[in-house]
Every structure is written in C-alpha cells, then in structure tokens.
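What follows is a set of notes on a single structure, which appears directly below.
The values are calculated or read from the model by the stated rules, or taken from the named source; none is laboratory data. As the structure is a prediction and not an experimental result, all values here were calculated from the model. Ideal geometry is used to build each Cβ from the backbone, glycine not excepted, and the neighbour counts take in all protein chains shown.
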Amino acid sequence: MIEPFVHPARKPAKFRPIRAWKHMQNLIADKEDTEQVFHIIEALNGKSLQKNFREFAESKEGQALLAEKIHLPPRLDDHAWIRELPAGTVGRAYVDFMEREGLTAQGLVDESEKFSSALRDFDDDLNWFGNRLRDTHDLFHVLSGYGRDALGEASLLAFSHSQQPGLGIIFISFMGTRQLLKHLPKEARVMDCFWEGKRNGAAASKIIREDIIALLHEPLDSARERLGIARPDAYYRALDICADMGIAASEIQVAA
C-alpha cells in the first residue's frame, strides 16, 4: 500500500467567514471571476480537503492513481488525440464543451494561481489531490449534464459538494441559488435544482477516483449509467420554463 506524503509542516486552512463573505460578493458581481471561488474555498474548507484526501488515498482506486500521479491539464488540453475518439464518447463531449465555451484546463490552473494559497506551499500528495479536484471541474459539467449558466454552475457545485464535502463549495452553491431565486420566475423552482444537485452527487460514484484518461474513451451514456449519474431533470425543467418566459440560459446570471 502506498503511504501518501503530506508535508509535516502543512496545517489546515484557517476558518475565515468574513473573508469568504467579501469574496462571495465579488463573485456575485462577476460570476466569471473564477479566482473568487478559490478564495472562498480556502477561507471556509478547514480540514475537509485533508479528510477527503484521506478517504481517496485509502481507496483501491486512489492507490492506483497515486502510483501514477498524472498531471491532467496537458492531456485534457491536447484536443487532437481526443478528437480521434469515437463520436458519443466522454472525450468527444468534453472537447466539444470546452471549445464551445472557450475554455482550457490550463486556464483554470492560471486562475487558481492568481492568489496566494497555503495549499501550494508544499509540493506533496495533498497538493496533487487539490489540483485534481480543480482540473476535473469542467469534466464534471459534461458528466453531470449541468451547463455553465449561473443556475448550472450553482447546481453543479451542490453535486460536487456531495462528491467531495467542503463548506466553501456548498456556501457558493447555496448563495448563488439564493440570488437566482430572487430574479428567476418562481415557476422555475430554483431551489429544486440545488437539492437535485446534492442528491445526484450523493447517489453517484466518486468521479475523482476514476482513471480520467480511460473515462474519456467511454461512451458518455454508458459512463453516466456506470457511475450512477442521474439526469438533472429539475435543472432542465427550469431552463425550459425560463426559455418560455424569454430568458435564455446564457442570460441567467447571479445579479447583485
């Protein structure tokens, strides 16, 4: 069994709710300011990252992944080889999503490195695990079915919290959903999307324990079935209701 290395000088992040609130207001003002997400998570997550990592490292799948410790962004951003996969695979859906949205895995890395994080003070296995959580965020979009509109992002974070619990993630999700509740039609039943995200994430297998490169080769529908990822019906219903009322998904924003 591989004994994961966590630097002995590493300490859990301090709990700083006031700082988290400040950065949440910045995120509400601009949902594309991804840097704020990392600030909030660090201010609220405390020991949750260490706990999640310990569970990951104790699993058979985690042991296999720790033995290789693949750095995902270069592989995920090399769309040429992924484009050679058959139509309908997770990989093809992923590159379609990333190119349509104008995203790169490296872009999320760059956003995370805009602020000073205690997590990166030590080049250990916990740091690698934190990076893996970051680097798979957009793949979670593809697998879960949630889009990048504000409601989709908030719902995906509820899903992600059930997969890897942390107060920072669920705080962002709840606050984002609460803001949307003020501005979207009541018929959209926005809170249903939040609770659905939590349920779907809890029911699914731990995606972070998957061999991501192998997962890209799987048919998307088969991967969702194998992982137990349910269709986000409440979210799609909310989008349809908003569209019927003249609000496109791209127009769903978390207004201040």
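When you check ARG54 against the structure, is it over 21 Å from LEU167 (Cβ atoms), at pLDDT 95 or above and charged (D, E, K, R), yes or no? So ARG54 fails the test. A Cβ distance below 7 Å, combined with a sequence gap of six or more or placement on separate chains, defines the contacts here; from the stretch 132-155, residues that are among the aliphatic types (A, V, I, L, M) reach residues that are assigned to a loop (DSSP other than H, G, I, E, B) in the pairs LEU133/GLN164; LEU143/ILE229; ALA150/LYS31; ALA150/ILE252; ALA150/GLN253; ALA150/VAL254; LEU151/ILE252. Beta carbons closer than 6 Å, at least 6 apart along the sequence or on distinct chains, pair a first residue in the stretch 227-256 that is under 26 Å from ALA29 (Cα atoms) with a second that is among the β-branched types (Val, Ile, Thr) for VAL254/ILE28; ALA256/ILE28.
Could you please let me know if PHE56 is over 26 Å from LEU215 (Cβ atoms), among the aromatic types (Phe, Trp, Tyr) and either part of a loop (DSSP other than H, G, I, E, B) or touching a Phe, Trp or Tyr at 6+ places or on another chain (Cβ under 7 Å) (or both)? So PHE56 does not fit the description; no. Counting only helices (runs of 4 or more DSSP H) that sit completely within the stretch 65-160, those holding 3 or more residues that are over 23 Å from GLU32 (Cα atoms) and either out of contact with any helix residue (DSSP H, G or I) (no Cβ under 8 Å at 6 or more places or on another chain) or at pLDDT 95 or above (or both) correspond to 79-83, 90-101, 125-135.
Before we move on, is SER205 hydroxyl-bearing (Ser, Thr, Tyr), more than 22 Å from ASP96 (Cβ to Cβ) and in contact (Cβ under 8 Å) with a residue 40 or more places away in the chain? No, not satisfied.
May I ask you to list the residues in the stretch 21-49 that are small (Gly, Ala, Ser) and outside any loop (DSSP other than H, G, I, E, B)?
First, the residues of the stretch 21-49 that are small (Gly, Ala, Ser): 29, 43, 46, 48.
ALA29, ALA43, SER48, listed by residue number.
Among residues of the stretch 151-175 being of a type in the set (Gly, Ala, Ser) and surrounded by 24 or more Cβ atoms within 10 Å (Cβ to Cβ), the one that is nearest to LEU133 (Cα to Cα) is SER160. Filtering the stretch 47-60 to residues that are over 18 Å from the mean Cα position of the chain (by Cα) and of a type in the set (Gly, Ala, Ser) leaves ALA57, SER59.
Of the numbered conditions (1) surrounded by 22 or more Cβ atoms within 10 Å (Cβ to Cβ); (2) touching a Pro at 6+ places or on another chain (Cβ under 6 Å); (3) not acidic (Asp, Glu), GLY145 satisfies every one except a single condition; which is it? The number of the failed condition is (1). Part of a helix (DSSP H, G or I), surrounded by 15 or more Cβ atoms within 10 Å (Cβ to Cβ) and not small (Gly, Ala, Ser) - does that describe any residue in the stretch 8-20? Yes, the conditions are met somewhere in the stretch 8-20.
Does GLY176 meet the test of being in contact (Cβ under 8 Å) with a residue 60 or more places away in the chain, assigned to a helix (DSSP H, G or I), small (Gly, Ala, Ser) and within 28 Å of PRO8 (Cα to Cα)? Answer is no for this residue.
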